[in-house]
Amino acid sequence: MTGLLIRGASVLGQSRDDIRVRDGRIVATGSLVAELDERVIDAEGLVALPGFVDLHTHLREPGGEASETVLTGTRAAAAGGFTAVFAMANTSPVADTAGVVEQVQQLGEQHGYATVRPIGAVTAGLAGERLSEIGAMARSRAAVRVFSDDGHCVHDALLMRRALEYVATFDGVIAQHAQEPRLTAGAQMNEGALSGELGLAGWPAVAEEAIIARDVLLAQHTGARLHVCHVSTAGSVEVIRWAKARGIAVTAEVTPHHLLLTEELARGYDAHFKVNPPLRRDEDARALREALADGTIDIVATDHAPHPAEAKECTWAEAAFGMVGLESALPVLQSTMIETGMLGFADIARVLSSAPAAIGRLEGYAAPVQEGVPANLVLVDPSARRTWSTDDLRGRSANTPYRGIELAGAIVATVHAGVPTVLDGVVRPAEEVATAASAAREAARG
Amino acid sequence: MKHLLSTRDLDRETAVSILDIAEDMARTADREVRKLPTLRGRTVVNLFFEDSTRTRLSFESAAKRLSADVITFSAKGSSVSKGESLKDTAQTLQAMGADAIVVRHHGSGAAHLLAHSGWIEAHVLNAGDGTHEHPTQALLDAFTIRQRCYGADSRGRDLSGMRVVIVGDILHSRVARSNVWLLTTLGAEVHLVAPRTLLPSGVETWPVRVHEHLESALALDVDAVMMLRIQQERMHDAFFPSAREYAREWGLTAERFAALGPDTMVMHPGPMNRGLEISSAAADSARSTVLDQVTNGVFIRMAVLYLLVAGSPEASA
């Protein structure tokens, strides 16, 4: 197979270098001369970052193919600069057995747009009653390390304790969707003056914070690893800050939409802004940005949640929760964190690549953009500006909340395991990517 | 005015003019022929996703007295996604030539969605959306208060200097929300009384005074007491311990009614739970406006349909 030469990229937004990719790896960096069989990518003015890793993606397959499939979801991921996604377990059937997680993993391999790492359900059928086949999933070909009932909270304290202890056996982590169910029955949006005025049932901050507080204490008690999904309130940040100061093994994620958007958007009853946890107050978004900057929040994860048009073209209470977010993740981060001076591109490499990979025990992302590491790369044009529209999406669903909003930064190229999945800002055709990925796998075996 | 979605959007001038037009409509009720030709050839659709015989009949009656063609569509219970059917149903009615759609829906924001989604061109009149607003109810309440106070001298007046106490389940009440915005816009002083469990969050930002005890509110010189219907099932969600306790603490009992000033009106949007939020002594007294509210509801709905569909007086001038 031919190699790639990326010329003149600003690596991590710092040194200016050429990068040579061969046989799925970065084989050289520095000042390089093009060879005859190489595809040359002119990266003048572009920033080279390690391929992004999303710890929280809903690919919907099996069962939800009307919204997304592994193919369309990983295509959207590639468009957003992601080379690995962790696929949430709330499919139908639920990913609570070795069979389902192996199937999802295999579909990812076959399509080649991104590495798909299945997340296993904590409880059978996400029912919150008994543990799923955690050991079987951990020992399967999919080698599951992240377990989550996302969409549902593991609210039973005893079950949560046992899950934390049990997955530790396999070096696993529980990714908790922190939502006290009784405090949020029928909840529609952030509880506050606006929910009172709009007549929409409130989702109080305490319902998230109370579960996080309980869970960090359980993590301390068991010595197991806890990961908190989509932190959305200033109070949650305080609890996590406290837990980290005590040395508790907790990590936390924030979504791009909670960094940028606030509850005010609910005012027009446009269900594209309905998400779980809900968009919060301006002071919450500010606290989340500060927590991401100071490391209290470890990573950014998209919670990419595709839904068909009819699930959003209805009254707020009837609409589905969730928004797509893979394609827009970097632009939102550039707009909220980089252009405000809160993070640099090297930090983006951490919060969007090496740190989520470490939490999910995904190899190959520890040392970004260096000789010898797997060639998972993304080229970002930081000078790009565009008014976001559904034309910018590459998945099957169009429920983006950013329509009409100007966002900074664009993905120009993505390379997954040495295979270009995006070039010149255009996602490469599925057949080309699948063929190249298959050839690369053969080469690696041979 | 293109739509009537909430009373929050109404300014004082518009609100007073709606009440004045309703006065004109009330006058026609005394005529031998009560029907006006105003909306002849126009089609008004009542789109009710939620059962409400009273409100539906009131709107039907209002539209018929204006000579509109009236179609009533009860879209309750459908196996398809309800959201899909809201869009599809609205577009179907549009295709049939609806000039105005009166919509009642269990989801907050449904009327707003119909008006702003781009699905339809028709005028949208909110006949109650979830726990959000019920603007014609507030307008008919304001009309009733004004008429009781000023009688034939009502025209052009607002409610300055009036004191209105609203009691009960404010949290889930679209009637309370619409009344808070409208009555304060009209210059009235609004007091809310409810246990804390039934107050919406952020109520401290509303232009009202909140009381936790009914006595302290009723001790003021009150022009109108508005009792809200309490849903019995609320007690199962621990909003209050029992119906008996609710009646004792928050109900307009015969004793509390007897202690009211001689001119204090007793209002209720109906249907009433006698013995729970209101005693029969209060409901059946001469100071009760319950039946006036029903009568006035037709005039208010005639006024609003006239304004929306026939065009505002300024526009036609």
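The values are calculated or read from the model by the stated rules, or taken from the named source; none is laboratory data. Treat the numbers as computed from the prediction; the structure is a model and nothing was measured. Cβ: placed from backbone, ideal geometry, glycine included. Neighbour counts: every protein chain shown.
Tabulated data for the structure shown
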item: Yes/no for A:Arg361 being surrounded by fewer than 20 Cβ atoms within 10 Å (Cβ to Cβ) and in contact with a Phe, Trp or Tyr (Cβ under 9 Å, 6 or more places away or on another chain); result: no
item: Among the candidates A:Thr262, A:Thr255, A:Thr251, residue that is out of contact with any Phe, Trp or Tyr (no Cβ under 9 Å at 6 or more places or on another chain) and over 23 Å from A:Thr400 (Cα atoms); result: A:Thr251
item: Extreme residue, farthest from A:Pro382 (Cα to Cα), among residues of the stretch A:288-316 that are modelled with pLDDT of 95 or more, within 14 Å of another protein chain (Cβ to nearest Cβ) and surrounded by 24 or more Cβ atoms within 10 Å (Cβ to Cβ); result: A:Trp316
item: Residues (more than 22 Å from A:Ala219 (Cβ to Cβ), among the charged types (D, E, K, R) and assigned to a helix (DSSP H, G or I)) located in the stretch A:244-298; result: A:Glu263, A:Glu264, A:Arg267, A:Asp282, A:Glu283, A:Asp284, A:Arg286, A:Arg289, A:Glu290
item: Of residues in the stretch B:139-171 being of a type outside the set (Asp, Glu) and within 14 Å of chain A (Cβ to nearest Cβ), the one nearest to B:Ser17 (Cα to Cα); result: B:Ile170
item: Residues that are away from chain A (no Cβ under 14 Å), part of a loop (DSSP other than H, G, I, E, B) and touching a helix residue (DSSP H, G or I) at 6+ places or on another chain (Cβ under 7 Å), drawn from the stretch B:93-108; result: B:Asp99
item: The stretch B:22-53: number of residues that are small (Gly, Ala, Ser) and surrounded by fewer than 12 Cβ atoms within 10 Å (Cβ to Cβ); result: 1
item: Residues of the stretch A:170-217 classified as away from chain B (no Cβ under 14 Å), crowded, with 21+ Cβ neighbours inside 10 Å and either closer than 30 Å to B:Ser178 by Cβ or of a type outside the set (Asp, Glu) (or both), total; result: 11
item: Residue that is surrounded by the most Cβ atoms within 10 Å (Cβ to Cβ), among those in the stretch A:364-404 that are of a type in the set (Val, Ile, Thr) and in contact with a strand residue (DSSP E or B) (Cβ under 7 Å, 6 or more places away or on another chain); result: A:Val378
item: Qualifying residue in the stretch A:346-355 (condition: β-branched (Val, Ile, Thr), buried (at least 22 other Cβ atoms within 10 Å of the Cβ), more than 24 Å from A:Ser195 (Cα to Cα) and assigned by TED's automatic domain parsing to the domain that holds A:Arg241); result: yes
item: Filter result for B:Arg234 (over 24 Å from B:Thr136 (Cβ atoms) and within 14 Å of chain A (Cβ to nearest Cβ)); result: yes
item: Count - residues of the stretch A:230-256 that are crowded, with 20+ Cβ neighbours inside 10 Å and either within 14 Å of A:Glu290 (Cα to Cα) or basic (Lys, Arg) (or both); result: 11
item: The listed residue being at pLDDT below 95, among the acidic types (Asp, Glu) and surrounded by fewer than 21 Cβ atoms within 10 Å (Cβ to Cβ), out of A:Glu442, A:Glu432; result: A:Glu442
item: Members of the stretch A:72-111 found to be in a helix (DSSP H, G or I) and either among the aromatic types (Phe, Trp, Tyr) or under 16 Å from the mean Cα position of the chain (by Cα) (or both), listed by number; result: A:Thr72, A:Gly73, A:Thr74, A:Arg75, A:Ala76, A:Ala77, A:Ala78, A:Ala79, A:Gly108
item: Residue count, the stretch B:199-225 (criterion: part of a strand (DSSP E or B), out of contact with any His (no Cβ under 7 Å at 6 or more places or on another chain) and away from every other protein chain (no Cβ under 14 Å)); result: 2
item: Members of the stretch B:109-138 that are small (Gly, Ala, Ser), surrounded by 23 or more Cβ atoms within 10 Å (Cβ to Cβ) and more than 7 Å from chain A (Cβ to nearest Cβ); result: B:Ala111, B:Ala122, B:Ala127, B:Gly128, B:Ala138
item: Selection within the stretch B:184-218 - polar (S, T, N, Q) and out of contact with any helix residue (DSSP H, G or I) (no Cβ under 6 Å at 6 or more places or on another chain); result: B:Thr184, B:Thr197, B:Ser216
item: Enumeration of residues in the stretch B:184-198 that are β-branched (Val, Ile, Thr), in a strand (DSSP E or B) and without any contact (Cβ under 8 Å) to a residue 40 or more places away in the chain; result: B:Val190
item: Matching residues, the stretch B:58-87, being assigned to a helix (DSSP H, G or I), at pLDDT 95 or above and either out of contact with any Lys or Arg (no Cβ under 7 Å at 6 or more places or on another chain) or not hydrophobic (A, V, I, L, M, F, W, C) (or both); result: B:Ser58, B:Glu60, B:Ser61, B:Ala63, B:Lys64, B:Arg65
item: Filter result for the condition that a residue is more than 30 Å from B:Lys35 (Cα to Cα), without any contact (Cβ under 8 Å) to a residue 40 or more places away in the chain and in contact with a strand residue (DSSP E or B) (Cβ under 7 Å, 6 or more places away or on another chain), over B:Ser288, B:Ser280, B:Ser242, B:Ser216; result: B:Ser280
item: Within the stretch A:1-59, strands (runs of 3 or more DSSP E) holding 2 or more residues that are within 30 Å of A:Val228 (Cβ to Cβ); result: A:47-50, A:52-57
item: Selection within the stretch B:249-299 - assigned to a strand (DSSP E or B) and crowded, with 17+ Cβ neighbours inside 10 Å; result: B:Leu252, B:Met265, B:Val266, B:Met267, B:Ile278, B:Ser288
item: Pairs, first modelled with pLDDT of 95 or more in the stretch A:201-223, second aromatic (Phe, Trp, Tyr), C-beta under 9 Å, six or more apart; result: A:Ala213/A:Trp242; A:Val216/A:Trp242
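Residues are listed down the side, and each one gets a yes or a no for (1) in contact with an Asp or Glu (Cβ under 8 Å, 6 or more places away or on another chain); (2) over 25 Å from A:Val144 (Cα atoms):
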{"site": "A:Ala346", "(1), (2)": "no, yes"}
{"site": "A:Ala355", "(1), (2)": "yes, no"}
{"site": "A:Leu377", "(1), (2)": "no, no"}
{"site": "A:Pro382", "(1), (2)": "no, yes"}
{"site": "A:Arg403", "(1), (2)": "no, yes"}
{"site": "A:Gly418", "(1), (2)": "yes, no"}
{"site": "A:Ala439", "(1), (2)": "no, yes"}
